[in-house]
Amino acid sequence: MTGSAVTRTDPSASASASVAASATAPSRGGPSPGRPAGPAGPAGPAGPAGPAGEPSWVDEVGLTGGAGLLARLVRLNMLVSAALDGLVEPFGLTVADYLVLGTIRHAPGGRGAPSRLCRVLGRTSGGMTLTLDRLAAAGLLRRAPDPTDRRRVIVELTDAGDALSRRVNDRLHEWENALSLPADLRAGLHDTVDTLIDAVTPDRPR
């Protein structure tokens, strides 16, 4: 992309992506940085089984007693984060940048308050201000007075920001659709991941 590239200077990008992105594993057509993607999905080629029938990565990372659910989630998060970074980087964005653009695009009326962005994406107000400043300087969004309360400020996408957000979104869907996952397994994964999200969401009534 030219003209609206954003400098990758936000140290919170990876953390924000881990919290907010609901992504899946790298596709065969889009290897993550530093690791060739294989037909077996997020862990690459399955390779020989590890201890007691565990995947080979369990032994590679030194989990001699086997891997539990948390270890698997951490492993998946590492691979997904690296893959998403590689997918959005050619567009001159970080994952955190894209999430801000996408959240604004899907907000009612295509605009939203910075406080809402912080709440939805799990960001601090200081980090969000830096991201919004950078995206505004790149011509991807603009600040404007809230039409219902002019004491407040809202943010909305420019035409360039809307177009870029849609292009990145299309690329992410291409990546997801290329995964070697049967349709019935995908449907089951949606329910399972939703249950996990509910279980780890802070302050959720139990």
statement: Scanning the stretch 147-183 residue by residue, the ones that are aromatic (Phe, Trp, Tyr) and in contact with a strand residue (DSSP E or B) (Cβ under 7 Å, 6 or more places away or on another chain) total 0
message: If a residue must be among the hydrophobic types (A, V, I, L, M, F, W, C) and open to solvent by 40 Å² or more (accessible area, probe 1.4 Å), how many such residues does the stretch 76-96 contain?
response: 2
- prompt: Taking the condition in a helix (DSSP H, G or I) and over 21 Å from residue 88 (Cα atoms), does residue 102 pass?
  reply: no
- prompt: Has the stretch 77-96 got at least one residue that is more than 21 Å from residue 175 (Cα to Cα) and over 13 Å from the mean Cα position of the chain (by Cα)?
  reply: no
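Assess whether residue 134 counts as being within 20 Å of the chain's Cα centre (by Cα), at pLDDT below 95 and among the basic types (Lys, Arg).
Criteria not met by residue 134.
The values are calculated or read from the model by the stated rules, or taken from the named source; none is laboratory data. Nothing here was measured: the structure is a model prediction, and the numbers come from that model. Here the Cβ is made from the backbone with ideal geometry for all residues, glycine too, and neighbour counts use every protein chain on show. The area values use the complete protein model at the heavy-atom level, side chains included, leaving out ligands, DNA and RNA. Shrake-Rupley method; radii C 1.70, N 1.55, O 1.52, S 1.80 Å.
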